[in-house]
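> Attaching a single structure in structure tokens format; questions to follow.
The values are calculated or read from the model by the stated rules, or taken from the named source; none is laboratory data. For clarity, every value in this text was computed on a predicted model and none was experimentally measured. Reconstructed Cβ throughout: ideal geometry from the backbone, glycine too, with neighbour counts over all protein chains shown. Each accessible area value is taken on the protein alone, full model and side chains, heavy atoms only, with ligands, DNA and RNA left out. Shrake-Rupley method; radii C 1.70, N 1.55, O 1.52, S 1.80 Å.
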Amino acid sequence: PPPAKAGRAPGPPDGGWGWVVVFGAFVSIGFAYAFPKGLAIFFKEIQDFFGTSYSEIAWVSSIMLATTYGAGPISSILVNRYGSRPVVMFGGLLCGIGMVSASFCTSILQLYICVGFITGFGLALNLQPSVIIIGKYFLKRRPIANGLAMAGSPVMLCTLAPLNQFLFDNFGWRGSFLILGAILLNCCVAGALFRPIGAATASVKTQATEEGKDALKEDIAKDAVEMSSPTNVPGETEVEDEGGRDCCEKVNQYLDFSLFKHRGFLIYLIGNVLMFLGFFAPIVFLAPYAKHIGIDEYSAAFLLSILGIVDMIARPTTGIIANSKWVRPRIQYFFSFSIAFNGTCHLLCPLASGYTGLVVYSIFFGLAFGMVCAMLFETLMDLVGAARFTSAVGLVTIAECCTILLGPPIGGGLIDTFGDYKYMFIKCGAVMVLAGTFLFIMNYYNYRMLAKEEKERKAKEEDPKSVRTETEGRNNWNKETTQDGPELEPLKEEQELKKEVNGT
């Protein structure tokens, strides 16, 4: 057999070209998160142009955000199959095509298709690969790298808000969409920076593993043929079962559905699905709310810039705090507090009656929003690990897309019904406070259970054995020197392969 370390992929470099990758992720993640919010500048004018209601125009951002999150599994599958670089470049091309096509739309339904689905799908192909590749380049500095990459969203937001208002004043919403489509093509340049890492070594490891499995399967299959009856009917049944298993294995290779048995993953999923019901609506309606109470257009757009500037500072700062030795072991609590703090800001927003009050709200909202976004994926990777993170992101985003899709239209419906924005902010705040409280309580329970399980495992390991054979002693010596895993791991793998061939 080959040496123990021959097939192992190199560890994350935690630097070097990784910082260039962080810059590329900064651009692509910035567009993916900030672009749907920046389009809110055009909503009032598009609403008047097509004669639609608040809830109807809110569907443009909702469909775009839901497509961005709902296409997560497709993006994860494409990343596992082709890598991050071509997926991001293709996503940038789709974004440009969607916005250029939107500039020629003649109905709100066409905007749903061009802006919502096509551009949203392109942004999905930018978001997932950018988050995934950072996990491959960084380990020790991963919270800092994630915080810097996530800072792309506020930077783009505080840039796009006044830029969109300038473009609208000079070119109208159609000309602005045409120019924004060209700007989104920069995502192709960002994707070109995503150099693959560890591909050759990983392929050698996979090839060696597959060869070993094939050889073992052939031996077991021969034994099974010798012990089976001479009839050929059971053999045909086994072939059909193997075909079904191969299909399931291919699906599970890209999306690990066993994560739904993971306690921490389920807690994270439920809390985030609830949180996103009130996460994006306040940003979508912040500028229209300011215009509604009589604030001029540029001052209303400047509120989004204030939010973005504070968010820009909050994300890397949160990454540094989350990477500290005091916070990182219990980062889930910090994440829960950030969500509850975000909701509290929305509950207090109706008290802001003038422009000064909205500026104060934007500052605190930007701080809370940056804290949540900086830890959104770091907490998931902390729960499931880097190896299962790609599948976890895909499964989480497809589950979150439903509440993301419904959040802004529900808020728009409340505005249409009551003629006042305060009920929308109260709804969003109450939902997020509830989500943060749920995550805090359940994470406390999860940490207690993990500590209890770890204590039981150590107790079993320290339990003295009455008989220790010479073979067991040799296995222990091999374990200490090579550190290749538990003593019975080869036996377990052989048993699993036998079960696989026998159809169990």
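> Ignoring ligands, DNA and RNA, how do Thr403, Thr344 rank by accessible area with a 1.4 Å probe, largest first? Write out the running numbers ahead of the final one.
Details: Thr403 20, Thr344 60 Å².
Greatest to least solvent exposure: Thr344, Thr403.
> For Ile313, what accessible surface area do you get with a 1.4 Å probe? Give it in Å², rounded to 10.
Ile313 exposes around 110 Å² with every protein chain in place.
> Applying the Karplus parametrisation 6.51 cos²θ - 1.76 cosθ + 1.60 with θ = phi - 60° to the phi angles of the range 256-269, what ³J(HN,Hα) value in whole Hz is obtained for each residue in order, glycine and proline being reported as x?
7, 6, 5, 4, 6, 9, 8, 4, x, 5, 5, 4, 4, 5
> Oh, and also: How many percent of the accessible area of the range 13-197 is carbon or sulfur, using a 1.4 Å probe? Intermediate values should be presented prior to the final figure.
Numbers: 4340 of 6060 Å².
Ligands and nucleic acids excluded, carbon and sulfur reach 72 percent.
> Continuing with the same structure: Provide the solvent-accessible area of Glu454, counting protein heavy atoms only and rolling a 1.4 Å probe, rounded to the nearest 10 Å².
70
> Which ³J(HN,Hα) values, rounded to whole Hz and listed in residue order, are derived for the range 275-290 from phi using the Karplus coefficients 6.51, -1.76 and 1.60 in 6.51 cos²θ - 1.76 cosθ + 1.60 with θ = phi - 60°, glycine and proline given as x?
Values, residue by residue: 4, 6, 5, x, 7, 9, 4, x, 6, 4, 9, 5, 5, x, 5, 5 Hz.
> When only Cα pairs under 8 Å and 6 or more residues apart are kept, what is the percent relative contact order across the range 256-459? Display every interim value, and only then the final one.
Numbers: 234 pairs, mean separation 80.1, N = 204.
So the answer I get is 39 percent.
> A further question follows. Could you tell me the calculated FRET efficiency between Leu406 and Arg448, based on Cβ-Cβ distance and R0 = 30 angstrom, to the nearest 0.05?
Working: r = 34 Å, r/R0 = 1.12.
Calculated transfer efficiency: 0.35.
> Keeping all protein chains in place, calculate the accessible area per residue for the range 256-459 (probe 1.4 angstrom), answer in Å². Don't skip to the end; give the middle numbers.
Details: 8150 Å² over 204 residues.
Value returned for the range 256-459: 40 Å² of accessible area per residue.
> A follow-up question, please. Ordering Cys95, Cys402, Cys188 by how much accessible area each has at a 1.4 Å probe, largest first, what is the list?
Cys402, Cys188, Cys95
> Spelling out what I want: for every residue of the range 36-49, take phi, set θ = phi - 60°, compute 6.51 cos²θ - 1.76 cosθ + 1.60 (Karplus), and round to whole Hz; glycine and proline get x.
Result, rounded to whole Hz: x, 6, x, 5, 4, 4, 8, 5, 4, 6, 5, 4, 5, 5.
> I'd like the distance between the alpha-carbon centres of the range 20-60 and the range 87-110, rounded to an integer number of Å.
The range 20-60 and the range 87-110 have Cα centres spaced 12 Å from each other.
> If you count only protein heavy atoms with a 1.4 Å probe, what accessible area per residue comes out for the range 13-197, rounded to a whole Å²? Let's see the in-between values first.
Numbers: 6060 Å² over 185 residues.
Here the per-residue accessible area is 33 Å².
> Quick one: ranking Val131, Val327 by accessible area, 1.4 Å probe, largest first, what do you get? Don't skip to the answer; put the middle values down first.
Working: Val131 5, Val327 30 Å².
So the residues, ranked largest to smallest area, are Val327, Val131.
> Right, next: Go through the range 272-357 and name the trypsin sites (Lys or Arg not before Pro) that are in a DSSP coil and have 13 or fewer other Cβ atoms within 10 Å of their Cβ.
Details: sites: Lys291, Lys325, Arg330; in loops: Lys325.
Taking the range 272-357 and a limit of 13 other Cβ atoms within 10 Å, the loop trypsin sites (Lys or Arg not before Pro) found are Lys325.
> If you roll a 1.4 angstrom probe over the protein chains with everything in place, what fraction of the accessible area of the range 256-459 belongs to carbon and sulfur, to the nearest %?
Numbers: 5820 of 8150 Å².
C and S fraction of accessible area: 71 percent.
> Classify the range 256-459: rounded, prolate or oblate, from the alpha-carbon gyration tensor (a ≥ b ≥ c, eigenvalue square roots; a/c under 1.5 rounded; otherwise prolate if a/b is larger than b/c)?
On the way: a/c = 2.42, a/b = 1.90, b/c = 1.28.
Prolate, because a/c is 1.5 or more and a/b exceeds b/c.
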